[in-house]
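First up is the structure itself, then whatever we jot down about it.
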Amino acid sequence: MASIDHYENFPVASWLCPAHLRPAVAALYHFARTADDIADEGDAPAHHRLNDLAEYRADLNLCLAGSTTPSQRWPALFAALAHAVQQHQLPAQPLHDLLDAFEQDVVYTSVGQGYRNRAELLDYCRRSANPVGRLMLHLYGVSDNTSLHQSDAICTALQLINFWQDRPLDLARGRNYLPQAHALEEELQFARALMNQGAPLAKRVQGRAGWELRAVVQGGLRILDKLEAEQNRPRLNRTDLLCIAWRCLRM
């Protein structure tokens, strides 16, 4: 699933996405992207970021409640999100979970806190990544427990891959996602196991969405191949894209 700009976890409306879902996917992307920018971009102190995220959450609550009062700071964003919520009956919890994760990033960065173990990191991924997959499955009308758990595995794997490929950048910003007493090689293997665990979902989701999900899975696995070989931020070239396409066909 192709992404726009720099919110890596959110699959955005590509040509594989049915046209009637593209506005909702774009609205969700911009909701997540803007919150991520509040948490990450610029040089505002932590308490300003948290205040802004609190105001953002208040506007989300109004949006979810069906309020006709426009957001003062983000009117276009919440107008589009309100339309998506109404049209597709989007669940509230995944949207709040995303904001919880962004707030945690602000707090952890401000005090230099890392993750003591993998369980803590996975709890963060449960809120920072897994909501994306669950929202997408909701749009596609998929709600069985097996699909939800496989989606969670894929989304957590993607989040972990993002962490490990961006590790030098994160460390420079005061963020360390590598659990204490864990080696990077071990975490790369764990991310691969999670991706393989979730991969069957790509064959169970029908139509173009299934093919897009195959590309997500195989793209993540290919990045892991390169990370294991190079252990620096990989760049996918034409050969890699052909490899991904071939693996998608063979799934």
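According to the square roots a ≥ b ≥ c of the eigenvalues of the Cα gyration tensor, what is the shape class of segment 8-94, taking rounded for a/c under 1.5, prolate for a/b larger than b/c otherwise, and oblate for the remainder? Because a/c hits 1.5 or more and a/b fails to exceed b/c, segment 8-94 counts as oblate. What the phi angles of segment 87-98 give under the Karplus curve with 6.51, -1.76 and 1.60, with θ = phi - 60°, is a coupling list of 5, 10, 6, 5, x, 7, 4, x, 5, 5, 4, 4 Hz, glycine and proline written as x. Shape verdict for segment 114-251, please, from the Cα gyration tensor: rounded (a/c under 1.5), prolate (a/b greater than b/c) or oblate. Because a/c hits 1.5 or more and a/b fails to exceed b/c, segment 114-251 counts as oblate. Residues considered: R238, R22, R192. Largest GNM mean-square fluctuation over the chain, using C-alpha springs under 10 Å, is found at R238.
Give the shape of the chain as rounded, prolate or oblate, defined through the alpha-carbon gyration tensor: a ≥ b ≥ c are the square roots of its eigenvalues, a/c under 1.5 means rounded, and otherwise the shape is prolate if a/b is larger than b/c and oblate if not. Write down the numbers at each step before the final one.
Numbers: a/c = 1.84, a/b = 1.14, b/c = 1.62.
Oblate.
Grab the other residues whose beta carbon is less than 10 angstrom from that of P131, score K and R as +1, D and E as -1, and report the net. Before the final figure, lay out the partial values.
Working: positive: R126, R127, R134; negative: D97, D100, D152.
Value of the local net charge: 0.
In the Gaussian network model of the chain, springs joining C-alpha atoms below 10 Å, which of P70, P94, P45 carries the largest mean-square fluctuation? Judging by the Gaussian network model, the answer is P45. Rounded to the nearest whole Hz, the Karplus-based 3J(HN,Hα) values (6.51 cos²θ - 1.76 cosθ + 1.60, θ = phi - 60°) of segment 150-158 follow the sequence 5, 4, 4, 5, 5, 5, 5, 4, 4, with x at glycine and proline.
So what's the net charge close to V106: Lys and Arg +1, Asp and Glu -1, counting the other residues with Cβ under 10 Å from its Cβ? Spell out each step's value before the answer.
Working: positive: R49; negative: D40, D52, E103, D105.
Summing Lys/Arg as +1 and Asp/Glu as -1 gives -3.
Any read-out appearing in this document is the output of simple, stated calculations on the displayed coordinates, not a laboratory observation. Note that the structure is predicted; figures quoted are calculated from it, not measured. Glycine also receives a Cβ, built like all others from the backbone with ideal geometry; neighbour counts cover every protein chain displayed.
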